Structures are given as structure tokens and as C-alpha cells.
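This report concerns only the one structure given below.
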Amino acid sequence: MDYFFQQLINGITLGGLYALIALGYTMVYGVIQLINFAHGEFFAAGGYVGVILLGYFTGRGYLETHPILCLTAAFLLTMGYCAFLAVGIEKVAYKPLRSQPRLAVLLSALGMSIFLSNALMLTQGVYDKAYPSELFQGGFHLGGVTISYLRIMILAMTVVLLIALNLLVFRTKIGIAMRATAQDKIMSSLVSISSNRIISLTFAIGAGLAAAAGVMVGLYYGSVRYDMGFLPGIKAFAAAVLGGIGNITGAMLGGLIIGMVEIFGAGYISGQYKDVFAFIILIAVLYFKPTGIMGENIDDTRV
Amino acid sequence: MEPILQLNDIVTSYGRIQALKGISIQVFPGEIVAMIGANGAGKSTTLMAICGVLPIDRGEIYFKGQAIQGMPPEKLPPMGLCQVPEGRRIFPRLTVDENLALGAFYRHDTEEIEKDLDTVYGLFPILKDRRRQHGGTLSGGEQQMLAIGRALMSRPQVLLLDEPSLGLAPLVVQKIFDIINDINRTQSTTILLVEQNANLALQTAQRGYVLETGRIIMEDRAETLMHNPEIRKAYLGE
Amino acid sequence: MIHEYKKTLKNYVIGLLWLLGLLWPLLGIHPDGTLSFDRTFTTWLYIAAGSFICLLIYMLNKSGLLRPVGNALSAPREKASRLIGAVPIWVWIGALLVAACLYPVFTGRYAQDVATNVLIYICLGLGLNIVVGLAGMLDLGYIAFYGVGAYTYALLNLHYGLSFWICLPIAATLACIAGCIIGYPTLRMRGDYLAIVTLGFGEIVRIILNNWMTLTNGPNGLLGIKPPSLYVPSFEAGFSFELLYIKKLQYLYYIALALAILTITAVRRLNHSRIGRAWESIREDETAAELMGVNTFILKLLAYAMGALFAGLAGAFFCARMRFVSPESFTFIESAMVLSMVVLGGMASIPGIMLGAAALIILPEVFREFETYRMLAFGLAMVVMMLFRPAGLIPAKRMGTRSEDREG
């Protein structure tokens, strides 16, 4: 039973991280109908910039004296960096191809993905880069289950980000504008919403969330690699599709489910094939119910 | 008096086909101008060209004396030009409230926006009952009211209406046209009205343009057009 | 005019500044608590210099200043194309064939090695072309069929001692079946989803190959696979047939050449057949094709299976040549490379794909010193090609004529 609860907590943690990455996929798809292959690289870049910043803070001694401040700064700066990166990428590789057939922009995204992961490798090295491990040592025990402080921090951070996103999208004026642009781009421009700005904003937010996930993964597993974006990227996409592509709540739900399935599958069925479960879910969803759980109308091609 | 909206020789194409072959229109402040014509004559194309949604090959468009051809569409509502496009096009998964709020997107005067919201709900009480419902769940008539209300939220000086009566029951159409007349009278909102229902359009408007396959074939006062035998035969169902 | 240049220049400068902002945190913040700018600046300056040259060329081209150069070249170019056109295409193809056959005679091991690689990838590229270029389905897991073919030969040879020539059709068939299995669920899906799902399938195959220790020996791979063998008459002790293993690279080259020629001919025939017409109609507008009575499902499945078939052939050969197979050769990056050969070379254009395969194999060899930048350049090249020349290096000529183009 304790094993079950341990796995449950692991599953929720992982699910939250997948949810953060999946949100980027789903929001971008909602607004320009593109599967941004390069999205996983925002996750990886986030992991790297996070470790660079935290390493710097450690070297300066700030990490010891003001851990919370450093961590917050690392998160904010990393998210800002990846947002900055994403906005540029959109303008360079995706915007010029908006009137071209879908294949062209898909391939551009593919090329970008390869370019970015290799750029990370070239600037940061082929080997894993280690996160400072002094943070968040220890944990506490609840019955037979160990919950580390690190995990609590990650869970809390994920929840905060997800709530913030929800508030942004459903309660603020700009959030209404984002949803409007996803539903009818032309009409939203007729009500003076600049679709270019909204698209840039969508990319920025999506990348920021993925970056945060990257930092958390780096903290949790202790290191980052230049190709760490590939598998989580696909799994997060599976999560977005599972939840209904374009649907924000769906992406959160999907992420959670994929995370749970992966952890429980690894724990109870097979550890070696844990990566396969997400793919199987993806294929099954697209075959049986392509609109996903929240039933977004994917054939809704709004001009 | 200077026209508040002027189109000079607008030519647009769709691939190799020319949709508009040289359209020139003038709309003076405070009037209601109708554009009638058969399906595919280019009426909606003209409105979309004015708003910058469709690119123009040749010609100029002046709004309040300023050249607006080539401007991105989102710059127009702050200038006072607003369109209610064909087919209502309300945002289906946003609530009535959110749809109306978007009409005032470019505005920052929160108090005035609140007042306008009350005004719109006053004009369309049925929308007030449904204010938290998603736009997609409304009936056709309610959606049209919502679309017009949304346009009113931007406090337009010139309102472009594309087929407001399409697919609506006569009573609803009557109500909508009453409101169109009302806002024209009380707020001096200039209106360019595109309508397939030529009767209704010419009854409401002061002047009219007749479009046929991308060209203006006739321009006159609405009353004259209504009594013109050719027009009666072609468009007024005689 | 000047206004446009100012705009391009402004965008360029903004882009460079953006790049600087991205580079510095990666290169200039150090874990010992120091901040540096020199490494960032040097890298950035290199990039700025290179891109500025490209920008100049681009602007010169646009402004027409390069037109005199183009005009000077066009006269000999026209002469050349007239010469080429004067000789019937059969002569050129024959000459190419002769050159290909004589190639190993005049070149050393290294060149033959590269050439054999090019030939294998031509097979792969043309096979993928059936799926992507002819039928219009984006397949990102294509390399899985290559792997199926390779492992089929490996296992059949290791466990049952079957010869290469027997295994070749078996590998093709199994790959074909794999294509049907993978194709069946994916065929309902739209373009973007199809891409990710095929990617998923490709990964599943790789993961299975990597983890099924009992069957495939996992990441260690399978060793000791026998190369292709031939029975040759031997007059040693009386007249008998002796089993000769083809280990010499030269002969392997010829087998690869044979496979490539087979693939090229097959794809060409398919292209011009009724099936090819039907595939083209599906690619252009699937709904319309269905309405015209085209059985899209069977045809798409057929495209998938045929594409897989050629990958299976190539895979079996690859395995026989390497005499060793491991899951590492069948990653997503390989799929991406084959895809880019098809796309960058010119979708559905056979010469284009051949050129693409050649370019993608030979260019990295030429620029061996820049090995570390290979994938970076590859990704960049894909983006750049999409931005500036989405039709590919040698775009395919459409089979029929469009009515609008005819009415002219």
C-alpha cells in the first residue's frame, strides 16, 4: 500500500510537469494550428539556463545565504529567457510560413528542434550538467511514504503556475483575447486584437511554462542533457492530444494522466518500457477519439 | 461635406479572378448607405477590403480623410470603424459578457465601458438573461444581436453591416433594423449596409449602390432605386 | 525601395541583438560566480560576420545588382541546357549507368564506402518518397522499417543460417507487413497528427529493439552476421560449387547499385501508373479524391507498405554489409535525415531525391572538420530551405497539366 502511495505521489509530480509542457503545445496549436516540434527544446533550454543561474548563485555564495530568493530569481529569469527565445523563433521560423502549406511549417519546426538541441549541445557540452544539490535536502515521512521537500516544492510550484495560467486565460482581458484569437482569428482582428501580438504572447507563455518544468526536472533528477527535450516533448504532446488539443484544462488533465500512467506502468508493469505507455495512449486516443477527453472540435477550421 | 468613408477604384483579386473590378463608393457622415446585389457580386468582399482583411491590388480607401488601405484590421476600431461581418461570427466559446467586452477591447475607460454595457443590455434585454452563456449556444437572432451589441461597444462612428438579416425570422429582423435606425438617429452613427434583402435595405437607407459581378452598376437615392423598374425586376422580386 | 532595405536591415539588426541576448547567458555566466563577455562576443561576431555576408548576397540579389552576373551565366547555361536537351534522355541515363558501374574501378575504398552509403540512402529516400511525396503523408518513423529489414536478416541469418538472397524478399515482406500494421491505425489521422504518431511508432520499435534482450540482444546489438554469399563454381577438387562470401567493398557496392536501380525503376513505374495518379489525387485533396471514387484507405495503406518494402530491402543490405546491427542506427534523427533528403531534394522528384541523398551524405564528409556542427547546420538548413525554397532543390514536375495553367 505504501508503494502505491509513493507511486501516486510520483505520478502526480510527473503529471504536473507534463501538464506544464503540454500547455505550451496546446495553446500554440489552438492559436495557429501548428504542432511546435521545437517546444521540447524550450523545456531543455529552461533546464540549462536554470542550472547556469543556480551555478552562478552558488559560486557567488548567494545560494547559501538567500536560497528562496535565488530559486525564485532562477525560475523567473529562466522563464523570461525561454519566452524571449520562443518569441524570436516564432518570428523567424514560423511567421513567414503562415501562408504556406502545413508541411512547410512542420518541417521548419522540425529543423528548429534539431537546431536548438544542437545549439545547446555546442554551447554547453555533450555531458550532463549537474544541478547544485544542496537545496532541499531531506523530507518527511507520512506512514511508510517518504515525501522529500524538493518534491513538495515542485508540486507547489506546478500548482501555482497552473492556477496562474488559469486565471490569466479565463479571468483577464488578455486571456479573453487569447481565447478569441484561437476561435476566430479574423473576427478578433476586427475587434482590434492584434493576432501577431497574441501569437507571440502565446509562444512566450508556453515556453515559460516549459522552462519552469525544465528547471524543476533539473532540480529533481540532479542534471540536464542537451537532448532531454525529445522524449518529454512527445509525451507532453500526447498529453495535450489526450486532453483535447487546443483545450487548456484538457492539457492539464492529460498531463496528469500521462504522468500517472507512466509511473504506475513503470512500477507495476515494466520499468524498461515506460516510455512506450505514453505513445500507446497517444495512438489509442487519436484512433478512437481524436478530439480527446475534453472533446475539442479539431475539425473546426477557422479561417 | 466631406465623405467619412471613401473608396476609389478598388480592385481585388482571388487568384487570377478579379473579385472587385474598380469600386468607388462615398459614404457621408450620418447617413445610411445600402449596397445591394446578387450573391457573389462582391458586397462582402468590399467590406472585407475596407477593413484590411482582404488585400487590395489597386485603389485607395479613405476614412475620415486618412488613407487606410493596407492597414492591419486591428487598427480600425480605435479609429472609429467597425464591422459586423456576415454570419454573425460571435466567439462561440466565450460568454455573452466576454463577447461584448471584446467589442471594447481597445478602450481603457472602464467606467464608460460599464455604461455602454448597460446600454447594450438595455437594447437587447434577452442578452442580459443569457450573459453567462456561451455564444455558440445562442439562437441565430440572439447571435446577431450579440454581434451588433459587440460592435456598439466600440463606439463606432462608421458601422459596416454585412447581411444582418440573413437567416433570421421576420420579427427578429424587424427588431434589428429598428435598432439600426435607432443608433443612426440618436448617435449619428454612419452605416454602410450590405444586404441581400434589397427591399429592407432600400427602405432603411438614404442612398444605395447596386453591385453586379464586382462593379457598381448603379448609384442613387434609395427611393429612386426602389422605383426603378430594372432594379425592381432584378432585386425586388417583381 | 530604400524603405524595404531599411526594413530588412532593421530586422537583421534586431535579430542579431536577439541572438546576442540568447548567447550570453549560455556562454557568459559561470558557475564560479563570474560573468564574462569575451567568449560570447567572439562567437557572436563570427555569426554576425557570416550572416552579414549572406544578407548582402540576399539584398544584392533582390536589388538586381547581381543580374549582370546572372545574365553572363545565362548564355552558357542556355547553351548547356540546349546541348543536354538535344541528346535524348536515354543517352544520359545510359552514360550515368556506365559511370556508376565503372565507379569502383577508378576510386579507392573511402570513395566506394561513401558511394555505397549514398546508394542505400537513395533507396530509403525513394521509399519514403512514396509515402510523403506521392501520397502526401508525413512519416517521421520511417526508419523503423529499415530496422525491421535489418533485424530480420540478422536474426534469420544468425539463428537459421539463411543466405542473404533468401532473406532479402523475406525482409521486404516483413517490413511490408510492419508497414500495414503501423499504417492501419494511423491512416485515419490528419497531417500533423500522422507525423507525431508515426514518430511514436518509430520510437516504440526502437525501444522494443533496445529492450528485448532475448530476441535482439538489446543495445549490444547482434554480431557475426554473414555477408551476402554466392555459390561460385570451383574447380579445386573436381567440379563443385563453393560458397564465397562477398566481403569486398567493391562487390557490395554493386549489390547496392542493383538495389538502387531496382528502387528507382520501381518508383518511376509507380509514379507513372494509375496507382501513382491516385496517390497524387490523395495528396492534392483527399476529400475530393474520395468523392471521385478513389479508395483512399487501401491506397494509403499500399503507399505505406510499398515505402516500407524498400526500406526493408535497404535494411537487409545494410545489415549484411555492416555484419553488425544495433538499435542505435534506427533513431528518430535518421528518420529526419531521410525525410529531409526527400523534402530538400524535391518531393516526388526522383533526380531531386537522388541529389538530396548525395548532398546529405557527401557534404558532411567534405566538411569533416566541422563534424560537431553537422547537425546544427542540418537543422538550420531545413529551416532555411523552407523559408526560401520550399519546393526543394529540383522540384518535381506535375504529371498532368492544370486546367488553369492551360488556359493560360
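Show the residue pairs that are 6+ apart or on different chains and have beta-carbon atoms under 8 Å apart, the first residue being within the stretch B:222-237 and among the β-branched types (Val, Ile, Thr), the second being part of a helix (DSSP H, G or I).
B:231/B:198; B:231/B:225
Within the stretch C:25-42, restricting attention to residues that are in a loop (DSSP other than H, G, I, E, B) and of a type in the set (S, T, N, Q), which residue is nearest to the other protein chains (Cβ to nearest Cβ)?
To start, the set of residues in the stretch C:25-42 that are in a loop (DSSP other than H, G, I, E, B) comprises C:30-34, C:36-37.
Of the ones still in play, those that are also of a type in the set (S, T, N, Q) are C:34, C:36.
Values: C:34: 7, C:36: 11 Å.
Looking at residues that are in a loop (DSSP other than H, G, I, E, B) and of a type in the set (S, T, N, Q), I get C:34.
In the stretch B:77-99, which residue that is within 7 Å of another protein chain (Cβ to nearest Cβ) and farther than 20 Å from residue B:114 by Cα is surrounded by the most Cβ atoms within 10 Å (Cβ to Cβ)? Steps first, please.
Going residue by residue through the stretch B:77-99, those that are within 7 Å of another protein chain (Cβ to nearest Cβ) are B:77-78, B:83, B:85, B:89, B:91-94, B:98.
If we keep only those that are farther than 20 Å from residue B:114 by Cα too, we end up with B:83, B:85, B:89, B:91-93.
On the way: B:83: 27, B:85: 22, B:89: 21, B:91: 25, B:92: 18, B:93: 19.
Checking each candidate, the answer is B:83.
Considering C:167, C:180, which residue is more than 14 Å from chain A (Cβ to nearest Cβ), under 26 Å from residue C:271 (Cβ atoms), under 25 Å from the mean Cα position of the chain (by Cα) and assigned to a helix (DSSP H, G or I)? So that I can check it myself, show each step before the final result.
Numbers: C:167 fails: under 26 Å from residue C:271 (Cβ atoms).
So the residue among C:167, C:180 that is more than 14 Å from chain A (Cβ to nearest Cβ), under 26 Å from residue C:271 (Cβ atoms), under 25 Å from the mean Cα position of the chain (by Cα) and assigned to a helix (DSSP H, G or I) is C:180.
Of all residues being surrounded by 15 or more Cβ atoms within 10 Å (Cβ to Cβ) and small (Gly, Ala, Ser) in the stretch A:266-289, which is nearest to the other protein chains (Cβ to nearest Cβ)? Just the residue, please. Walk me through how you get there before you give the answer.
Narrowing the stretch A:266-289 to residues surrounded by 15 or more Cβ atoms within 10 Å (Cβ to Cβ): A:266-267, A:272-283, A:285-287.
In the following step, the residues that additionally are small (Gly, Ala, Ser) were identified as A:266-267, A:278.
Values: A:266: 12, A:267: 17, A:278: 8 Å.
Checked the stretch A:266-289; the qualifying residue nearest to the other protein chains (Cβ to nearest Cβ) is A:278.
Please report, ordered by residue number, the helices (runs of 4 or more DSSP H) entirely within the stretch C:190-303 with at least 1 residues that are within 14 Å of chain A (Cβ to nearest Cβ), free of Cβ contacts under 8 Å to residues at least 40 places away in the same chain and crowded, with 21+ Cβ neighbours inside 10 Å.
On the way: elements: C:191-211, C:213-216, C:249-271, C:274-284, C:286-291.
Helices (runs of 4 or more DSSP H) meeting the threshold: C:191-211.
Quick check on the stretch B:122-154: of everything there that is among the charged types (D, E, K, R) and part of a loop (DSSP other than H, G, I, E, B), which residue is surrounded by the fewest Cβ atoms within 10 Å (Cβ to Cβ)? Let's see the steps before the verdict.
First, pick out the residues of the stretch B:122-154 that are among the charged types (D, E, K, R): B:128-132, B:142, B:150.
Okay, now just the ones that are also part of a loop (DSSP other than H, G, I, E, B), so B:130-132.
Numbers: B:130: 18, B:131: 14, B:132: 9.
Here the answer is B:132.
Conditions tested, residue by residue: (1) of a type in the set (A, V, I, L, M, F, W, C); (2) crowded, with 24+ Cβ neighbours inside 10 Å; (3) touching a strand residue (DSSP E or B) at 6+ places or on another chain (Cβ under 6 Å).
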position: C:89; (1), (2), (3): yes, no, no
position: C:98; (1), (2), (3): yes, no, no
position: C:104; (1), (2), (3): no, no, no
position: C:127; (1), (2), (3): no, yes, no
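This table checks each residue for (1) within 14 Å of chain C (Cβ to nearest Cβ); (2) among the small types (Gly, Ala, Ser).
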position: A:117; (1), (2): yes, yes
position: A:125; (1), (2): yes, yes
position: A:132; (1), (2): yes, no
position: A:145; (1), (2): no, no
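Got a sec? Which of C:45, C:22 is facing another protein chain (nearest Cβ under 9 Å), part of a helix (DSSP H, G or I) and under 20 Å from residue A:124 (Cα atoms)? Steps first, answer last, please.
Working: C:45 fails: facing another protein chain (nearest Cβ under 9 Å).
From the options C:45, C:22, the qualifying one is C:22.
From the list A:116, A:122, A:103, which one is modelled with pLDDT of 85 or more and over 21 Å from the mean Cα position of the chain (by Cα)?
Numbers: A:116 fails: over 21 Å from the mean Cα position of the chain (by Cα); A:103 fails: modelled with pLDDT of 85 or more.
Exactly one residue qualifies, and that residue is A:122.
Please find, within the stretch C:330-351, the residue that is nearest to the other protein chains (Cβ to nearest Cβ) out of those that are farther than 18 Å from residue A:111 by Cβ and part of a helix (DSSP H, G or I).
The initial filter retains those residues of the stretch C:330-351 that are farther than 18 Å from residue A:111 by Cβ, namely C:330, C:348-351.
Next, from what is left, pick out any that are part of a helix (DSSP H, G or I): C:330, C:350-351.
Values: C:330: 15, C:350: 19, C:351: 20 Å.
Out of the qualifying residues, it is C:330.
Could you tell me which of the residues C:324, C:310, C:332 is touching a strand residue (DSSP E or B) at 6+ places or on another chain (Cβ under 9 Å), within 29 Å of residue C:210 (Cα to Cα) and aromatic (Phe, Trp, Tyr)?
Values: C:310 fails: touching a strand residue (DSSP E or B) at 6+ places or on another chain (Cβ under 9 Å); C:332 fails: touching a strand residue (DSSP E or B) at 6+ places or on another chain (Cβ under 9 Å).
That would be C:324, the only listed residue that is touching a strand residue (DSSP E or B) at 6+ places or on another chain (Cβ under 9 Å), within 29 Å of residue C:210 (Cα to Cα) and aromatic (Phe, Trp, Tyr).
Do any strands (runs of 3 or more DSSP E) lying entirely in the stretch B:1-77 carry at least 1 residues that are in contact (Cβ under 8 Å) with a residue 24 or more places away in the chain and within 14 Å of the chain's Cα centre (by Cα), and which ones are they? Before you say what the answer is, go through the steps one by one.
Numbers: elements: B:5-14, B:17-27, B:32-37, B:58-63.
Of the strands (runs of 3 or more DSSP E) lying wholly inside the stretch B:1-77, those with at least 1 residues that are in contact (Cβ under 8 Å) with a residue 24 or more places away in the chain and within 14 Å of the chain's Cα centre (by Cα) span B:5-14, B:17-27, B:32-37.
For every residue, the table says whether it meets (1) within 30 Å of residue C:204 (Cβ to Cβ); (2) part of a helix (DSSP H, G or I); (3) without any contact (Cβ under 8 Å) to a residue 24 or more places away in the chain.
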residue	(1), (2), (3)
A:157	no, yes, no
A:169	no, yes, no
A:174	no, yes, no
A:178	no, yes, no
A:188	no, yes, yes
A:199	no, yes, no
A:206	yes, yes, no
A:226	yes, no, no
A:237	yes, yes, no
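Given the conditions (1) surrounded by fewer than 21 Cβ atoms within 10 Å (Cβ to Cβ); (2) assigned to a helix (DSSP H, G or I); (3) touching a residue at least 40 places away in the same chain (Cβ under 8 Å), and given that residue B:166 satisfies all but one, which numbered condition is not satisfied?
So the condition that residue B:166 fails would be (2).
Quick grid of which residues meet (1) polar (S, T, N, Q); (2) within 14 Å of chain B (Cβ to nearest Cβ); (3) under 30 Å from residue C:373 (Cα atoms); (4) out of contact with any strand residue (DSSP E or B) (no Cβ under 7 Å at 6 or more places or on another chain):
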site	(1), (2), (3), (4)
A:169	no, yes, no, yes
A:180	no, yes, no, yes
A:206	no, no, yes, yes
A:224	no, no, yes, no
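Only one of B:119, B:186 is more than 11 Å from chain A (Cβ to nearest Cβ), outside any loop (DSSP other than H, G, I, E, B), among the hydroxyl-bearing types (Ser, Thr, Tyr) and within 26 Å of residue B:65 (Cβ to Cβ). Can you tell me which?
Values: B:119 fails: within 26 Å of residue B:65 (Cβ to Cβ).
That would be B:186, the only listed residue that is more than 11 Å from chain A (Cβ to nearest Cβ), outside any loop (DSSP other than H, G, I, E, B), among the hydroxyl-bearing types (Ser, Thr, Tyr) and within 26 Å of residue B:65 (Cβ to Cβ).
Out of curiosity, is residue A:75 within 15 Å of the chain's Cα centre (by Cα) and of a type in the set (Phe, Trp, Tyr)? Steps first, please.
Values: within 15 Å of the chain's Cα centre (by Cα): yes; of a type in the set (Phe, Trp, Tyr): yes.
Answer is yes for this residue.
Quick check on this structure: which one of C:311, C:289, C:320 is under 17 Å from the mean Cα position of the chain (by Cα) and of a type in the set (Gly, Ala, Ser)? Write out each step before concluding.
Details: C:289 fails: under 17 Å from the mean Cα position of the chain (by Cα); C:320 fails: under 17 Å from the mean Cα position of the chain (by Cα).
Going through C:311, C:289, C:320 in turn, the sole match is C:311.
Residue B:122 versus (1) in contact with a His (Cβ under 8 Å, 6 or more places away or on another chain); (2) of a type outside the set (A, V, I, L, M, F, W, C); (3) closer than 21 Å to residue B:172 by Cβ: which is the lone unmet condition?
Of everything listed in (1) in contact with a His (Cβ under 8 Å, 6 or more places away or on another chain); (2) of a type outside the set (A, V, I, L, M, F, W, C); (3) closer than 21 Å to residue B:172 by Cβ, residue B:122 misses just condition (1).
Taking residue A:62 as meeting all but one of (1) more than 30 Å from residue C:12 (Cβ to Cβ); (2) touching a residue at least 24 places away in the same chain (Cβ under 8 Å), write down the number of the exception.
(2)
Taking residue B:33, is it in contact with a strand residue (DSSP E or B) (Cβ under 8 Å, 6 or more places away or on another chain), within 14 Å of chain A (Cβ to nearest Cβ) and within 30 Å of residue B:228 (Cα to Cα)? Even if it seems obvious, please write down each step before you answer.
Values: in contact with a strand residue (DSSP E or B) (Cβ under 8 Å, 6 or more places away or on another chain): yes; within 14 Å of chain A (Cβ to nearest Cβ): no; within 30 Å of residue B:228 (Cα to Cα): yes.
So residue B:33 fails the test.
Could you check how many residues of the stretch C:352-392 are within 24 Å of residue A:91 (Cα to Cα) and assigned to a loop (DSSP other than H, G, I, E, B)?
4
The values are calculated or read from the model by the stated rules, or taken from the named source; none is laboratory data. Here the structure is a predicted model, which is why all the values come from computation and not from measurement. Note that each Cβ is placed from the backbone with ideal geometry, even for glycine, and that neighbours are counted across all protein chains shown.
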